[in-house]
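The values are calculated or read from the model by the stated rules, or taken from the named source; none is laboratory data. Since the model is a prediction, treat every value here as computed from it, not as a measurement. Cβ: placed from backbone, ideal geometry, glycine included. Neighbour counts: every protein chain shown. For the accessible areas, the whole protein counts, side chains as well, though only heavy atoms, and no ligand, DNA or RNA atoms are used. Shrake-Rupley method; radii C 1.70, N 1.55, O 1.52, S 1.80 Å.
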Amino acid sequence: MDPIGKKLLDAAEAQLGYTEKGDGYTKFGDWYAKNVDGDHDDYFKTAPWCDMFLAWAADKAGVTEQAGQFASTVDHAKWFKKHDAWGKTPEPGALVFYDWNGSGDLDQIDHVGIVERVDGGTLHTIEGNADGYKLTRKTRDLDSVVGFGYPGKIKVEAKYAPKHAAPA
């Protein structure tokens with residue numbers, strides 16, 4: 001497993017068992033509204049949160065540039081594709097994008113999780129907003145998978161750092 005995926009998985013695993021409040025509020029949506037959404041829209045506090053959870057986990061793991069920060073699963077998948085970090089092979093640490101209708105179409109993606117391990121054609125994942133309200137481990141087959149985003153394949157541009165100090 002690549003080190004980026006490992007960091008993301010570690011951050012996700014630490015939140016297992018979290019459940020949304022009765023009105024749909026999650027700390028992940030609240031965080032997203034305050035830290036990612038430029039308008040700080042309260043909508044996100046009670047919105048479907050599978051992808052906002054992954055944005056939060058990426059922030060906590062220090063891998064936002066490689067994993068992205070999205071509330072839209074469709075936009076997130078397209079971002080991976082645009083960055084040549086998209087594919088059909090499951091691997092631990094990859095983000096898995098689902099279309100429950102099985103269309104295989106990026107524009108029809110309904111849900112996202114992170115792959116913990118793969119056993120043949122079975123995925124073991126960690127998913128937020130799973131079963132409608134909780135953060136939990138899931139076991140799924142590949143039938144509804146549209147594709148995988150690989151955070152470790154995102155090329156991050158190095159920031160300029162001088163090699164030595166300026167003369168006194």
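Check whether at least one residue in the stretch 148-159 is surrounded by 16 or more Cβ atoms within 10 Å (Cβ to Cβ) and touching a Ser or Thr at 6+ places or on another chain (Cβ under 7 Å), and report yes or no. Scanning the stretch 148-159 turns up at least one residue that is surrounded by 16 or more Cβ atoms within 10 Å (Cβ to Cβ) and touching a Ser or Thr at 6+ places or on another chain (Cβ under 7 Å).
Counting only strands (runs of 3 or more DSSP E) that sit completely within the stretch 28-145, those holding 3 or more residues that are surrounded by 19 or more Cβ atoms within 10 Å (Cβ to Cβ) correspond to 95-98, 111-119, 122-130.
Those residues that are of a type in the set (Gly, Ala, Ser) and at pLDDT below 60, I need them from the stretch 149-164; list them, please. Explain how you work it out, then say what you get.
Taking the stretch 149-164 as the starting set, the residues that turn out to be of a type in the set (Gly, Ala, Ser) are 149, 152, 158, 161.
Result: ALA161, single match.
Scanning the stretch 1-27 for residues that are open to solvent by less than 70 Å² (accessible area, probe 1.4 Å) and assigned to a loop (DSSP other than H, G, I, E, B) yields ASP2, GLN15, LEU16, GLY17, TYR18, GLU20, GLY24, TYR25, THR26.
When the stretch 6-26 is examined, which residues are found to be among the basic types (Lys, Arg) and over 22 Å from GLY152 (Cα atoms)? It would help to see each step written out before you state the result.
As a first pass, look at the stretch 6-26 and keep what is among the basic types (Lys, Arg): 6-7, 21.
Of everything in the stretch 6-26, just one residue is among the basic types (Lys, Arg) and over 22 Å from GLY152 (Cα atoms), namely LYS21.
When every residue of the stretch 15-28 is checked against the conditions, at least one turns out to be in contact with a Lys or Arg (Cβ under 6 Å, 6 or more places away or on another chain) and of a type in the set (Phe, Trp, Tyr).
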